[in-house]
Structure formats: structure tokens, C-alpha cells
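Shown next, in C-alpha cells, is the structure this report addresses.
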Amino acid sequence: MKPSGIEMKGDICMDILVCLKQTFDTEEKITIENGRINEEEAEFVINPYDEYAVEEAIRLKEKFGGEVTVITIGPERAEQALRTAMAMGADKGVIVDIEELEEQVDEHTIAQILAATIQEEDLDYDIILCGYMAVDDGSAQVGPRLAELLHIPHISTITKLHIDGDQVTVDKDVEGDLEVIESTLPILVTAQQGLNDPRYPSLPGIMKAKKKPLSRLEVDDLDLDEDEIAAKTETLEVFLPPKKQAGKVLQGELPKQVEELVQLLRNEAKVI
Amino acid sequence: MSKNVLILADVRDKKLRNVALECLAVARMIADGGKVTATVFGSSAKDLVEQLAHHGADHVITVSNPELDQYTSDAYFQAFKQVIEKVQPDAIFTGHTAVGRDVSPRIAARLGLGLISDCTSVEVQDGKIIFTRPIYAGKAFVKKAVKEGLIFATIRPNNIEALATDTSRTATVEDLVVSFDKDLLRTIVKEVVRKTADGVDLSEARVVVSGGRGVKSEDGFKPLQELADLLGGAVGASRGACDAGYCDYGLQIGQTGKVVTPDLYIACGISGAIQHLAGMSNSKVIVAINKDPEANIFQVADYGIVGDLFEVVPLLTEELKKVLGK
């Protein structure tokens, strides 16, 4: 069943945007070189929360028809993340290369560039999906910031999405509790774990993805001046937490070990 | 230089969350003799004034509109923005919680501000305010500062100590009636389903008892829950346990999932994949219980017991009952 409000648009029923970031695989160890995170030999993946967003977007397309556009900002390597999303089923990609930017970027910069890209590429949207946060910077800012810049509502950390006409119903995870929220299109939602189980790209999908359209933009192509996108915050230092010393593995009969543990927690660690 | 500081106080079940008091502690330090204003939303707001005063607020702005009893991004955005316009603060702090994490970026975007999220410590160096926050879920950290203008940050629960209660402190109170643009209240909460037990929130719990694949089933979490209940803590889980369907993803601790820093973390039947360690290794004291003496989790544990969790956890619960006299 097609939602009535969307049917009127003709062949392309739903315009769906997904903003994604390429991140380190979560199994990667982090090391620092010259004051920066060392990226050499790291495995990169689509940020896991963004992957839920991609999957949900493709499911919407499969249900209602339409077009899924995936957008990323990053160095050239991030193109691989777009190709993966297209191999899953997204229709086209847009990458904004920011390697030329000499200044640091922050969430303000990224949200501004995303909003300008949507405008520059003339991308229509009924819904925009993002991951609720990236597993690297973990600030959870870009989705809500983008929604504000586009003057549309947002709902974050969703675990279920239902669309009927222009009516949107979501389940939102609220620190373990659940809220059922209603709103209308257009809207931006951010994906929480549990929203879906992302598919693996199929081999034919991977072959097809190579031929799908990809726009490559640079910041100069956008209607933005440097002042507008200059980061509002600065990173002063990157460091690793002090290495934790492996502790005491207790010995002896189990009941004795448990007794000793309770004494240690009480008298040495003083946490109970 | 003294500063005018505003905090948005997080409320849950009509009570202040601890993180509200932690924000006040940050605010007092940054204010450096200046004024600390706390704003609190919802019909219970007036009942919370005294506690805010006792923990560092000089002035409390209550916004009691019924639209704010249930959090929605749009209503909180409008109310918070009006409070900010009224207070004209030099610095703003909120918790990095379902509320602060959601409304702050929208406010920052509207007002063209930088925002430093999820801060675990704050220091002042030569007059510059420097925030420390984890990246890669705590595998590394960054120190950040706002370049110029208004300072805006969200504070991770359970990392900064609240000020001791000072019952002699009082605050001036102001009730602000906010006018809402109804066309811009675009989301409606139809239903709230409580899934967390007893209101002990995983991210704020002092004690977390966490289970991995070793718990083997949904029922396997029961002894963990008993232990958590005894210690006033919360139950968490590894990705393995969630993926296996033993528990809800809401319990997952790790680089995907929640990052926790309780005083005591008890890992039961968790091998210690790097993605899980990222979510808990900054806990103050870690206990590992695992059958496999080679399990990674022992590398970060302060105390380890090699054994079957289904034997060890009930013994531990019994022993604690004795010692705690419960």
C-alpha cells in the first residue's frame, strides 16, 4: 500500500537522504602519531549507526518506491563508504571532499556543509536519516543541527519507523525506555541500534554500485564562505587514557575467593 | 573573570537527575564568583528549586508550562531558547542525556554556536576553559575549547562530582511563562513505555552488573539482576548477549551502545572484545568473572575470579547480603 500523500508525486515516490560518515572499524585499536589519531592500516567502515540509517532508507524505498541518496563529507577514502551503501541499494551518492580545508572542522562546519550540499545538488527530501552518533567523535550533534538548519523537526535515537501518507510514527529509545512519537514529513530521524539488521551488499549489488552516479564536490562548489563554516571549537590535544594495570586474579576455593573479593571491594577499593 | 552561567537541569520522574547537580558544580567553577542560574522545566519545577540552591544555583528560572511535562525537542527548544535570551549567559551547560544531547545541538545550530559534547572533565588554564571528552568511546580523549564567544557544553553523567549539599544556600526564583509557537510543536509523544527497572539509569548507575554470552539465556540475567538490585545498581550487557537475543539492545555497553563509568563494574561471562572494553574500561573499579582465565576482560579488571558465573554470582550476592546486613 502506497501512502496517499506521496503517491501524487508520480514515479519517484519518496525522496530519501542519508547522511553517513566513514569511521574506524570498532575492533580497531587506537594509536596516536604526531598528536593525531594514526589512520595507517586502519580498517574503515560505514559508521555502524549510519549503517542502520542506510538500511532503513533502502527498506522505505522498497516499500514505497523512490530514490535513496547517500551523502558524506570526508577525504577521498570515504567514497568507499558511499559505494558500500550503493551496493546495499542506495541509488546515488554525493561526496564533499574537505581535504583542502586547512582549518579544523567541527560539528558546526559539517552541518553547514551538509545543508549547503543539499541545496547545491537540489536534493528534495521527504525524510532524512542519519546515525544518532558516530562511533569516533561521538558527539551526536550533526543530525539535530542539520534539522534546525533545514527548519524541519527531528526525532533522535529511533528504533522503529512507520510511515503512512505524510504521517510518521516512530519508537524512540530514551535511555532504555521507549516513547512512541508521531510527526509528519518532512522530518529528520537519527538511528539507534535495534532499528534494523543491515544487509550485506550482494555481489550483483557491488557490481551495480560501480556504475551508480556519484557527485564529487569541494567546499568551493558550495554557496558558503569560509567564515560561515569555520569551526567554533578547537581541539587542543589528543591523548590516550593511562593504560590500566591488569589486576589481581583471586585464588583458592570459590567461596573463599568470593569472601576475599567482598573484603577487597569494601576495604581496598572502598566502593561498597 | 567572573561569568554568568546557565544550566538546564535534567528532570526524571519529577526529581532532579544527579547530572543536574554535576552541571551546577561545573557552573560554580566556571562562574568564578559570577552568577549561576539554573532553569528547570515542567509542572514539578517549583519543587526542585531548593535542591538546586543547595547545590550551587544563585537563581532559578522555573518554566512550568504543561507542554514541558513530557520532553519533546521542539517544546524544549523554544523554552530553552527563551530562557537563554533572557539570561544572556556567558556559558551554558546541560547533561549529555536524552534531553541535553537532543536539544543542545539544535540550540547551537540556531544561535550559531560551537558545542562541546559529552565532557568528562573541565579545567581552567590561564583563564581558558578546557574540556576533556572521550573519542572512540574512550579509546582516546581530546581536550577542546570554544574559540570565542559563548561557551556551550554537555556534561557526561557520573564523571564530575556534585558539590556537597549546603542547606544554608538560597536562590532567587523566577517563574517564566514561555509562549510557544504551536505550529512549531511538530512532534507528539503518544505513549511512554517504561523498560528500565526502578529508575536506575544505566548511564548514571553507581554499580553496573553486566552479562555477556556466558549468561546463555534471558533467564541467565536473573542472578545478575538480583546482585544489581542488592547494590542499587543497573544491569548491562555486551554486544554478544544482545545479538544472541538474551536482552534488549538498550542494555548494550560498548563503542556501539552505552558508555558507562560507574564506581563498580562487575563483568559476568564477558570475554572483553575491544568494542566492549571501550564502553566500560574507564569505570573506577572493575571485577571480572569468567570461566576462561585467558579472557581479555581480565586485562582491564582490578579483581578477577576464574569460575562459572552461575556459581560465583549467587555466592557473591549472599556474601554481600551478610556484609551489608541486608
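Key figures
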{"quantity": "³J(HN,Hα), Karplus 6.51/-1.76/1.60, whole Hz, each residue of region A:201-214, x for Gly, Pro", "calculated": "x, 7, 4, x, x, 5, 4, 4, 4, 5, 9, 6, x, 9"}
{"quantity": "Label-reachable residues, region B:143-173, where backbone N falls under 13 Å from a point 7 Å from B:M1's Cα toward its Cβ", "calculated": "B:148-151"}
{"quantity": "Long-range amide H partners of A:V174 with built H, under 5 Å", "calculated": "A:E179"}
{"quantity": "Length-normalised contact order for chain B - Cα pairs under 8 Å, 6+ apart - percent", "calculated": "14"}
{"quantity": "Mean ellipticity per residue at 222 nm, deg cm²/dmol - from DSSP H runs of n ≥ 4 across chain B, formula -39500 (n - 2.57)", "calculated": "-8000 deg cm²/dmol"}
{"quantity": "Ordering of A:153-159, A:77-83 by packing [mean C-beta count within 10 Å, highest first]", "calculated": "A:153-159, A:77-83"}
{"quantity": "Dipole-positive endmost among A:L250, A:I98, A:A78 within chain A (Cβ charges, Cα centre)", "calculated": "A:L250"}
{"quantity": "Calculated [θ] (222 nm, deg cm²/dmol) that DSSP helices of n ≥ 4 give over chain A, each run adding -39,500 (n - 2.57)", "calculated": "-8000 deg cm²/dmol"}
{"quantity": "Beta bridge orientation in the protein assembly as shown: antiparallel %, DSSP, nearest 5", "calculated": "35"}
{"quantity": "Label zone at B:L111, where the point sits 7 Å out along the Cα-to-Cβ direction: region B:25-41 residues whose backbone N lies under 19 Å", "calculated": "B:25-32, B:34-41"}
{"quantity": "Region B:207-324, relative contact order [Cα under 8 Å, separation at least 6], %", "calculated": "25"}
{"quantity": "Cα-based shape type of region B:78-137, given that a ≥ b ≥ c are square roots of the gyration tensor eigenvalues and the cut on a/c is 1.5", "calculated": "oblate"}
{"quantity": "Positive-pole candidate from B:C242, B:L150, B:V177, dipole of the protein assembly as shown, charges at beta carbon", "calculated": "B:C242"}
{"quantity": "Acute angle (nearest 10 degrees) that the helix A:79-88 long axis makes with the longest principal axis of chain A, alpha-carbon atoms", "calculated": "80"}
{"quantity": "Total charge dipole magnitude, chain A, about the Cα centre, Cβ charges on Lys, Arg, Asp, Glu only, Debye to nearest 20", "calculated": "1420"}
{"quantity": "Under 5 Å, built H, 5+ apart or other chain: amide partners of B:I7", "calculated": "B:T37, B:A38, B:T39, B:F93"}
{"quantity": "Pair B:D126, A:R266: separation of 7 Å Cα→Cβ label points (nm)", "calculated": "5.1"}
{"quantity": "Chain A: angle of helix A:107-120 to the longest principal axis, Cα-based, in degrees nearest 10", "calculated": "20"}
{"quantity": "Separation of the B:K86 and B:D183 label points, Cα + 7 Å toward Cβ, nm", "calculated": "2.5"}
{"quantity": "Region B:51-165, relative contact order in percent, only Cα pairs under 8 angstrom and at least six apart counted", "calculated": "28"}
{"quantity": "Among B:I84, B:V215, A:Y132 the positive-end extreme of the charge dipole of the protein assembly as shown (Cβ point charges)", "calculated": "B:V215"}
{"quantity": "Averaged over B:250-258, number of beta-carbon atoms from partner chains that fall within 10 Å", "calculated": "5"}
{"quantity": "Residues whose placed amide H lies under 5 Å from that of B:D32, excluding near-sequence neighbours", "calculated": "B:K3"}
{"quantity": "At least 15 Å along the helix axis (C-alpha) and Kyte average at least 1.0, DSSP helices within chain B", "calculated": "B:18-31"}
{"quantity": "Cα gyration tensor shape for region B:207-324, rounded if a/c is under 1.5, else prolate or oblate", "calculated": "rounded"}
{"quantity": "Peptide-level mean, for A:143-153, of C-beta atoms on other protein chains within 10 Å", "calculated": "5"}
{"quantity": "Two-site FRET efficiency, A:K248 against B:F310, from Cβ-Cβ distance with R₀ of 25 Å, rounded to 0.05", "calculated": "0.65"}
{"quantity": "Cα-based shape type of the protein assembly as shown, given that a ≥ b ≥ c are square roots of the gyration tensor eigenvalues and the cut on a/c is 1.5", "calculated": "oblate"}
{"quantity": "Over 32 Å [Cα-Cα, chain A], rounded percent", "calculated": "33"}
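Each reported figure results from applying straightforward, stated rules to the coordinates on display, with no laboratory input. Note that the structure is predicted; figures quoted are calculated from it, not measured. Heads up, the Cβs are rebuilt from the backbone with ideal geometry, glycines too, and the neighbour counts pull from every protein chain shown.
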